[in-house]
Amino acid sequence: MPAGGFGAPSNGGTVFEAKITPIVIISCIMAATGGLMFGYDVGVSGGVTSMDHFLVKFFPVVYKKKHEPKIDSNYCKYDNQGLQLFTSSLYLAGLTATFFASYTTRKLGRRLTMLIAGFFFICGVVLNAAAQDLAMLIVGRILLGCGVGFANQAVPVFLSEIAPTRIRGGLNILFQLNVTIGILFANLVNYGTNKIKGGWGWRLSLGLAGIPAVLLTAGALFVVDTPNSLIERGRVEEGKAVLRKIRGTDNIEPEFLEILEASRIAKEVKHPFKNLMKRKNRPPLIIAIVMQIFQQFTGINAIMFYAPVLFDTLGFGNDASLYSAVITGAVNVLSTLVSVYSVDKVGRRVLLLEAGVQMFISQSVIAVVLGFKVKDHTNDLHKGFAILVVVLVCTFVSSFAWSWGPLGWLIPSETFPLETRSAGQSITVCVNLLFTFLIAQAFLSMLCHFKFGIFIFFSGWVLIMSTFVKFLLPETKNVPIEEMTDQVWKKHWFWKRFMHDDDNNYHGVAATTDGKNYGYDPASQL
């Protein structure tokens, strides 16, 4: 899915004393509303773009092609760059906003950055719901995208810093779970508003995004900034007082000292992006970038963005297409729960490889069914085949929801070393939003030109990414973050060759994060 994720939980190291206090509960609610906001924006666009009244007002050319199928191929009814820009503009704006949000998160704090995100969300919702022309509609989507960029930068950091260690991992999947709930909620709303007489149902669909936007803004108003952020900005005593408040105990000295040390180390790393380019940091960087690209090329966002449009293209009819989108949304939510309970039991690689087989088979069979039953100007997709297509799409969605959805974010978040973790996460988010934009902007044109072959295209990518997982993705289950280099990268058959710094380690000297060199004994690495 599009950008969103948290720092991975550590399975080793110090466990600090902490209670689940009211402020932590409020933080969980904020995670839910942030995820709901993002998920709702993902899901609502595909529904409203299949509504006739919306198309008549903003995309009359698409409306004409939709209702006069002999004009163009069934697969090309929605092929319109403006229509695709309505969806994809959010992600391009989010990509740009992420760079500014990185600065505000560090310099102004997590809480103020979330307030900025809420402001963008509310302004975007108002413009979208009240849109009178395409320009107003696109500007609204751009503002929503800015909200996504700021929220996805600040909310994950806020939650990972404020949550007790023992529930941090749960918050990771909780955010992704609420993204899927937001998509389902959008599909349900679209199904209901499409039946409203008078042609204003699409306005209600877009306007209801204001609910999670207001909740996120209100939540940011009532919580304090994280101790990490306050200490990082020189407000040490205030940070200590906040830490005592959120942990519900006076025994906070060990955690406080660790935050102080982490802040000191972070300040000493003057050029984290430059450090990220070092040879020893290439394995986690490559893994992070490749996983974001592969996550988008599973085809999941094409389906979730355009599920109603896709099903309508296949001849389901408008109501049936929205109903089918609701079904896939529900499957997405339920299947994400599988990841919550299994990711630390069976491991990351098992889930990814099993899902690869499931996605490849389902997409290949869909391509065969559509190739024989859905022609350019005729539609012979009878009820039985229509049900089969929905089942296969649900099979595909379910496998993604317990694999590439949450794990595409979890694995990069747990593999970067401390000194490059922030920079690595920024690269991860940017690559994800970039390829989300590209897929959103290109999918309807690809559907027009590839026809049923679009599913063959994505299944081919699934085969490539599964091969990558089999041979090049190490297992990170139950490996403490601080031991990732020694237990994972140095023992992997391929990546271990990158685990010596070009300039120092090969010459018998170990480089440390504080820039000093200490004696290095090669035998200690054997």
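The modelled label-to-label distance between Leu134 and Ile361, using points 7 Å beyond Cα along the C-beta direction, is 4.4 nm. Pairs with C-alpha atoms separated by more than 23 Å, drawn from the list Lys57/Lys451; Lys57/Lys195; Lys19/Lys240, are Lys57/Lys451.
Per-residue SASA remark: Tyr63, around 80 Å² accessible (1.4 Å probe; ligands, DNA and RNA not included). Counting Lys +1, Arg +1, Asp -1, Glu -1, what net charge surrounds Ile138 among other residues with beta carbon under 15 Å of its beta carbon? Its environment carries a net charge of 0.
The values are calculated or read from the model by the stated rules, or taken from the named source; none is laboratory data. Since the model is a prediction, treat every value here as computed from it, not as a measurement. We place every Cβ from the backbone using ideal geometry, glycine too, and count neighbours over all the protein chains shown. Side chains are part of the model used for accessible areas, which takes the heavy atoms of the whole protein and leaves out ligands, DNA and RNA. Shrake-Rupley method; radii C 1.70, N 1.55, O 1.52, S 1.80 Å.
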